[in-house]
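Each remark here refers to the structure printed beneath this line.
The values are calculated or read from the model by the stated rules, or taken from the named source; none is laboratory data. Source: prediction; values computed, not measured. Methodologically, a virtual Cβ is constructed for each residue, glycine included, from the backbone with ideal geometry; neighbour enumeration extends over all protein chains shown.
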Amino acid sequence: AQRVTQPEKLLSVFKGAPVELKCNYSYSGSPELFWYVQYSRQRLQLLLRHISRESIKGFTADLNKGETSFHLKKPFAQEEDSAMYYCALSEMNRDDKIIFGKGTRLHILP
Amino acid sequence: EAGVAQSPRYKIIEKRQSVAFWCNPISGHATLYWYQQILGQGPKLLIQFQNNGVVDDSQLPKDRFSAERLKGVDSTLKIQPAKLEDSAVYLCASSLGAGRGYEQYFGPGTRLTVT
């Protein structure tokens, strides 16, 4: 079965330090990977997708098919980055249904 | 543009009671999704509509859950009868079309507590 694993429930990082949120997936086809974010009292929203290869709010994520990973990185954490982050996978040929991981809460320490 | 609207925002019911949630997607969005998010988990797709037709309801517990999107716009999700394990946030999302190329926009969710 297709799965998305986020090994950390909570990640605390000091402001200005690098951030890496881990995501591993299992999928037999060609997946599309996403990162979604939910800030406090806001709606779940798309942060970035691997096919876009863009940096959003300083965050980047590279799809590593060999390691089946899609880790989210930012070189210098900011306090406004504190939020819940979900890694997600889209299944091809299943009407592109999205499967979410359990999420990692990122807490930026002052 | 106005976002996805959901109501109610909170609902507390006793087990075996019935409950209904309403969703109004972004205008012009053909695809509508209902997700269930249990505490500590990521959202899980319950049902996906394309206009007023069901695309995927494979994870909808059909013995107690039902959903409809009669005119291809608003949608309702019903639980009858509710169980304790149905306590969750129910998220509605919409997108212009179906497929991975279309971004899903989420509503604020309805938090259901079953006692």
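Quick notes on this structure:
- Boolean, B:Tyr35 is within 11 Å of chain A (Cβ to nearest Cβ) and either under 28 Å from A:Arg105 (Cα atoms) or of a type in the set (Val, Ile, Thr) (or both): yes
- Scanning the range B:18-32 for residues that are assigned to a loop (DSSP other than H, G, I, E, B) and surrounded by 14 or more Cβ atoms within 10 Å (Cβ to Cβ) yields B:Pro25, B:Ile26, B:His29, B:Ala30.
- Count of the range A:33-52 residues, restricted to those that are in contact (Cβ under 8 Å) with a residue 40 or more places away in the chain and part of a loop (DSSP other than H, G, I, E, B), is 3.
- Residue check, A:Gln2 of a type in the set (S, T, N, Q) and either loosely packed, with under 15 Cβ neighbours inside 10 Å or at pLDDT 90 or above (or both): no
- Here is the figure for the range B:33-71: residues that are within 30 Å of A:Pro7 (Cα to Cα) and not in a loop (DSSP other than H, G, I, E, B) total 11.
- Output for the range A:53-74, where each listed residue is part of a loop (DSSP other than H, G, I, E, B), farther than 12 Å from A:Leu33 by Cβ and free of Cβ contacts under 8 Å to residues at least 24 places away in the same chain: A:Glu54, A:Ser55, A:Gly58, A:Gly66
- Residues that are surrounded by 14 or more Cβ atoms within 10 Å (Cβ to Cβ), modelled with pLDDT of 95 or more, aliphatic (A, V, I, L, M) and in contact with an Asp or Glu (Cβ under 6 Å, 6 or more places away or on another chain) occur at least once in the range B:71-82.
- Within the range B:32-52, the presence of a residue that is more than 23 Å from A:Gln38 (Cβ to Cβ) and of a type in the set (Gly, Ala, Ser) is excluded.
- Only one of B:Glu68, B:Glu14 that is more than 13 Å from chain A (Cβ to nearest Cβ), more than 22 Å from A:Gly103 (Cβ to Cβ) and free of Cβ contacts under 8 Å to residues at least 40 places away in the same chain: B:Glu68
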